[in-house]
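Inspection log for the structure reproduced underneath, given as structure tokens.
The values are calculated or read from the model by the stated rules, or taken from the named source; none is laboratory data. What you are looking at is a predicted structure, and each value in this text was computed from that prediction instead of being measured. We place every Cβ from the backbone using ideal geometry, glycine too, and count neighbours over all the protein chains shown. Heads up: the accessible areas ignore ligands, DNA and RNA and are worked out on the full protein's heavy atoms, side chains in. Shrake-Rupley method; radii C 1.70, N 1.55, O 1.52, S 1.80 Å.
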Amino acid sequence: MPESQALDALRQFVLERDWGQFHSPSNLAKSISIEAGELLECFQWSDSPTSEVRDELADVLTYCYLLADRLELDPEEIVLNKLEKTREKYPVEKARGKSTKYDNL
């Protein structure tokens, strides 16, 4: 897995605090969902985000990075692989400008 500055910093942060023991895949997945709820709360009453959106998005990404690391997955690789699958489901000529699900295009 290629190293990134963010992942290196997260690993060091977790190691210094001995928090790895709490970072089971299921705990990290739960944390992603919890933090995603907090991110959504930034948009609760308006389409314009509150000032906390940056920190909440960082929390979601942090747990995503940690989960990928725990599962020995490269975040960039899995995103690009999924994007390729999605390209096949949503070819430009059928999907451009539409929000229709792929099986209804």
For the residue 92, residue 4 Cβ pair and Förster radius 25 Å, calculated FRET efficiency rounded to 0.05 is 0.25
By the mean-Cβ-within-10 Å protection proxy, highest first, 69-75, 95-101, 84-90 rank as 69-75, 84-90, 95-101
In debye to the nearest 20, the charge dipole size for the chain, taken about the Cα centre with +1 at each Lys and Arg Cβ and -1 at each Asp and Glu Cβ, equals 640 debye
Cross-link reach from residue 85 to lysines, straight Cα distance under 21 Å and at least 8 residues apart if same chain, gives 94, 98, 101
Which of (1) 8.6; (2) 5.8; (3) 9.0 is the computed mean projected area of the Cα convex hull in nm²? It is (3)
Output for region 1-48: chymotrypsin sites (Phe, Trp or Tyr not before Pro) sitting in coil per DSSP, at most 10 other Cβ within 10 Å, listed by number, reads 45
To the nearest Å², the heavy-atom accessible area per residue of the chain with 1.4 Å probe amounts to 79 Å²
With a 1.4 angstrom probe the carbon and sulfur portion of accessible area for the chain, in percent, totals 53 percent
Contact order relative to length for region 5-73, counting C-alpha pairs under 8 Å separated by 6 or more residues, stands in percent at 43 percent
Of 24, 51, 33, the most mobile residue in a GNM of the chain (C-alpha springs, cutoff 10 Å) is 51
